[in-house]
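Take a look at the structure below.
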Amino acid sequence: MSLWEYANPVKFMALSGRILPWAAWLSGICLVIGLVWGFFYTPDDFRQGSTVKIIYLHVPSALMAINVWMMMLVTSLVWIIRRHHVSALAAKAAAPIGVVMTLIALVTGAIWGQPMWGTWWAWDPRLTSFLILFLFYLGYIALWAAIEDNDTAADLTSILCLVGSVFAILSRYAVNFWNQGLHQGASLSLDKEKNVADVFYQPLLFCIAGFVLLFVVLVLLRTRTEIRARRTSALLARERMG
Amino acid sequence: MHLAVQDLGVARGGIAVLEGLTFRVEAGTALILRGPNGIGKTTLLRAIAGLQPSLNGSIDTPEDSIAYAAHSDGIKQALTVRENLEFWAAVFGTGDINGALDAFALQPLALRPAGALSAGQKRRLGLARLLVSARPIWVLDEPTVSLDVDAVAMFAAAICAHLEAGGLALIATHIDLGLDADILDVAPFKARVPISVDDAMEGFL
Amino acid sequence: MKALLIRDLRLAIRAGGGFGLGLAFFLIVTVLVPFGVGPQSELLSEIAPGILWLGALLACLLSLDRILALDWEDGTLDLLACAPLPMEAAVSIKALAHWLTTGLPLVIAAPFFALLLNLPSAGYVPLVLSLLLGTPALSVIGTFGAAITVGIKRGGLLLSLLVLPLYVPTLIYGAEAARRGAQGLETSTPLFMLAGITSGVIALLPFASAAVLRVNIR
């Protein structure tokens with residue numbers, strides 16, 4: 001029994017069908033707990049007031065914006081190395097979710113920035129990096145949409161994802177060099193001390209878990225749709241030829 | 001020098017078109033491919049030329065031995081006939097292009113820009129490239145399109161000379177070139193299950 | 001390899017090759033900027049490095065689809081794929097030809113166009129140096145974009161969408177060096193970074209371009 005067996009569409013469909021309802025419920029529960037707790041049962045921050053509560057959307061979506069790209073990078077590599085179609089379809093399915101996550105992070109950031117920094121937008125390195133990430137997502141999605149042949153599209157978008165990842169990292173450093181920013185340091189990190197007080201931190205963990213599960217649900221749903229579309233076109237091709 | 005194809009299957013646009021092809025062409029002989037439009041002759045020739053992967057089976061030829069000519073000849077309109085040929089001669093590392101110009105009666109046109117040539121003359125220029133490449137195996141896809149009777153004779157003579165010099169040729173064509181060559185009809189090799197092999201293998205169907 | 005380079009240069013210079021179009025575009029952008037932002041010479045001299053870098057970048061972008069599209073249409077790429085020349089070498093040569101016909105003229109023209117924008121005198125050397133180091137990266141990255149979109153009909157807009165985000169690091173370091181130079185500051189850090197990016201993409205990106213081109217040919 002190896003992990004790669006789930007690259008078979010039939011197996012993937014069976015497994016994902018069983019996982020989906022559980023993940024969906026769990027995601028809903030986490031999000032409700034996290035958001036209700038975060039919005040109504042945490043104190044206002046002594047400096048930022050109630051505006052601080054937007055972190056319950058901002059931080060998880062920003063995390064997911066980057067993680068979705070990482071997932072696309074991994075699935076692209078799997079496609080290039082092992083040529084499993086489900087992997088390529090999963091990358092295709094994830095991209096629009098990633099772009100929405102990036103958009104949520106940008107918009108919530110702007111809404112938060114207005115009262116805090118007195119401006120909707122500043123060319124701060126973090127903000128700018130996310131804007132660039134957004135452009136990378138757009139290019140990736142547009143390339144998928146522009147190519148008719150499935151395998152060609154999968155090959156080209158995978159290579160674009162690899163090259164794009166390298167350039168995204170280069171851009172991150174370039175932007176840092178170009179302008180030191182306003183944005184506070186990372187809210188969460190594994191090696192440094194917490195930047196966020198416990199009262200805010202616990203509901204935030206629920207929100208992050210909720211967003212991760214929400215992404216899992218959406219990406220499974222979209223991949224299943226892609227697999228069904230692929231199956232339909234294969235059947236149509238057989239009918240046309242036979 | 002030989003070209004051996006064993007149990008070959010090819011796909012176009014992800015859909016298998018031909019399967020189970022086996023043939024062998026020896027030095028000094030030519031094989032002519034026949035078959036209705038859309039059967040997959042072009043796909044087969046592109047696979048043999050190494051431009052696209054085959055689904056299964058094997059193609060056995062010495063490395064870097066194939067010259068491929070198809071519907072478009074890679075002719076640059078802004079360059080003269082001589083410059084076009086000289087470019088390919090340099091790419092393939094061969095020197096003299098005068099033989100190729102002579103073989104297709106291109107000497108009088110040598111200094112004309114290729115853009116000013118007629119369709120048939122361009123075709124002749126495209127075929128002259130085969131001579132310049134100095135490759136032993138010619139893989140030709142409908143080489144006689146837009147050639148007149150005289151030019152077809154020139155082409156047939158060029159092929160004969162190529163075969164006599166120990167080369168070999170694989171040609172998809174519908175006209176009779178007057179060559180002493182075997183003919184292979186690919187129609188019986190039409191893929192029985194016309195679906196993408198990937199789809200079947202990976203379980204999309 | 002030399003033959004391919006000579007042929008590409010010849011094609012660019014002959015009628016219909018589009019040589020000089022990029023330069024003309026660069027000039028027009030430079031001329032239009034004062035109409036957009038006003039004629040005050042202090043303002044112009046402050047934004048001159050950025051405008052010149054952006055103009056050069058856009059002029060470069062404009063000519064990218066010519067790198068491979070014509071060879072794709074007339075079947076040259078298929079034939080090159082059968083030739084003894086590795087695809088990696090072919091795309092590198094194509095990028096070099098593009099730089100010689102587009103990037104290098106932009107580098108040479110930039111100081112003259114800088115006069116129009118009242119660039120401070122300290123800024124000329126860093127401007128030319130940064131363009132000289134940066135424009136090869138623009139050509140190589142652009143060749144990658146052209147290779148991805150070569151099979152797509154009317155892929156010009158998509159080409160811009162894919163290539164422009166990849167241009168971000170080059171533009172940032174290049175324009176930063178030119179800007180610091182114009183202000184009389186130290187320029188070596190951004191110039192080193194720029195040189196690093198350029199050598200990195202020249203070394204690595206042709207492999208990606210060739211892989212992409214092989215996918216498109218098949």
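The values are calculated or read from the model by the stated rules, or taken from the named source; none is laboratory data. Quick caveat, the model's predicted, so the values are computed rather than measured. No Cβ is skipped: glycine too gets one built from the backbone with ideal geometry, and neighbour counts run over all protein chains shown. Surface areas here come from the heavy atoms of the whole protein model, side chains and all, with no ligands, DNA or RNA. Shrake-Rupley method; radii C 1.70, N 1.55, O 1.52, S 1.80 Å.
Table for the structure above
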item: Qualifying position, being open to solvent by 60 Å² or more (accessible area, probe 1.4 Å) and more than 14 Å from chain C (Cβ to nearest Cβ), among A:V59, A:V100, A:V86; result: A:V100
item: Failed item, numbered, when A:E148 is tested on (1) outside any helix (DSSP H, G or I); (2) touching a residue at least 24 places away in the same chain (Cβ under 8 Å); (3) open to solvent by 40 Å² or more (accessible area, probe 1.4 Å); result: (2)
item: Breaking point among (1) surrounded by 24 or more Cβ atoms within 10 Å (Cβ to Cβ); (2) in contact (Cβ under 8 Å) with a residue 24 or more places away in the chain; (3) not charged (D, E, K, R), for C:I172; result: (2)
item: Complete set of residues in segment A:151-163 that are of a type outside the set (A, V, I, L, M) and either closer than 20 Å to C:P206 by Cα or open to solvent by less than 10 Å² (accessible area, probe 1.4 Å) (or both); result: A:T152, A:D155, A:T157, A:S158, A:C161
item: Residue match in segment B:97-113 (condition: of a type in the set (A, V, I, L, M, F, W, C) and touching a Gly at 6+ places or on another chain (Cβ under 9 Å)); result: no
item: Cβ pairs under 8 Å, 6+ apart, first in segment A:218-234 and within 15 Å of A:E148 (Cβ to Cβ), second surrounded by fewer than 18 Cβ atoms within 10 Å (Cβ to Cβ); result: A:A234/B:L205
item: All positions within segment C:68-106 that are hydroxyl-bearing (S, T, Y) and without any contact (Cβ under 8 Å) to a residue 24 or more places away in the chain; result: C:T76
item: Count of segment B:8-53 residues which are under 16 Å from B:W138 (Cα atoms), away from chain C (no Cβ under 14 Å) and either open to solvent by 30 Å² or more (accessible area, probe 1.4 Å) or not aliphatic (A, V, I, L, M) (or both); result: 7
item: From A:S76, A:S16, A:S27, A:S61, residue being under 19 Å from A:A153 (Cβ atoms), part of a helix (DSSP H, G or I) and hydroxyl-bearing (S, T, Y); result: A:S76
item: Residue check for C:G103: more than 9 Å from every other protein chain (Cβ to nearest Cβ), open to solvent by less than 20 Å² (accessible area, probe 1.4 Å) and within 19 Å of C:L133 (Cα to Cα); result: yes
item: Hits in segment C:79-100 - residues which are open to solvent by 30 Å² or more (accessible area, probe 1.4 Å), part of a helix (DSSP H, G or I) and within 14 Å of chain B (Cβ to nearest Cβ); result: C:A81
item: Every residue from segment C:54-67 that is open to solvent by less than 10 Å² (accessible area, probe 1.4 Å) and within 13 Å of another protein chain (Cβ to nearest Cβ); result: none
item: Residue in segment C:10-21 that is within 14 Å of the chain's Cα centre (by Cα) and within 14 Å of another protein chain (Cβ to nearest Cβ) present; result: yes
item: Output for segment B:66-84, where each listed residue is modelled with pLDDT of 85 or more and either away from every other protein chain (no Cβ under 11 Å) or under 27 Å from B:V25 (Cα atoms) (or both); result: B:I66, B:A67, B:Y68, B:A69, B:V81, B:R82
item: Among (1) within 12 Å of another protein chain (Cβ to nearest Cβ); (2) modelled with pLDDT under 85; (3) over 18 Å from the mean Cα position of the chain (by Cα), the one test that B:A90 misses; result: (2)
item: Exclusive hit being away from chain C (no Cβ under 13 Å), in contact with a helix residue (DSSP H, G or I) (Cβ under 8 Å, 6 or more places away or on another chain), surrounded by fewer than 18 Cβ atoms within 10 Å (Cβ to Cβ) and under 25 Å from C:L70 (Cα atoms), set B:A105, B:A110; result: B:A110
item: Every residue from segment A:97-130 that is touching a residue at least 24 places away in the same chain (Cβ under 8 Å) and not in a helix (DSSP H, G or I); result: A:A122, A:W123, A:D124
item: In segment C:68-78, the residues that are at the interface with chain B (Cβ under 7 Å from one of its Cβ atoms) and open to solvent by 10 Å² or more (accessible area, probe 1.4 Å); result: C:D74, C:D78
item: Selected residue (criterion: nearest to A:A142 (Cα to Cα)) from residues of segment C:175-192 that are in contact (Cβ under 8 Å) with a residue 24 or more places away in the chain and within 12 Å of another protein chain (Cβ to nearest Cβ); result: C:A175
item: Options A:V52, A:V36; residue that is part of a helix (DSSP H, G or I) and in contact with a strand residue (DSSP E or B) (Cβ under 8 Å, 6 or more places away or on another chain); result: A:V52
item: Lone unmet requirement of (1) open to solvent by 60 Å² or more (accessible area, probe 1.4 Å); (2) in a helix (DSSP H, G or I); (3) not charged (D, E, K, R) for A:A93; result: (1)
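To keep it simple, each residue is scored yes or no on (1) in contact with a strand residue (DSSP E or B) (Cβ under 9 Å, 6 or more places away or on another chain); (2) open to solvent by 20 Å² or more (accessible area, probe 1.4 Å); (3) at positive phi.
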residue: C:F113; (1), (2), (3): no, yes, no
residue: C:N118; (1), (2), (3): no, yes, yes
residue: C:G123; (1), (2), (3): no, no, no
residue: C:S130; (1), (2), (3): no, no, no
residue: C:G142; (1), (2), (3): no, no, no
residue: C:I148; (1), (2), (3): no, no, no
residue: C:G151; (1), (2), (3): no, yes, no
residue: C:R154; (1), (2), (3): no, yes, yes
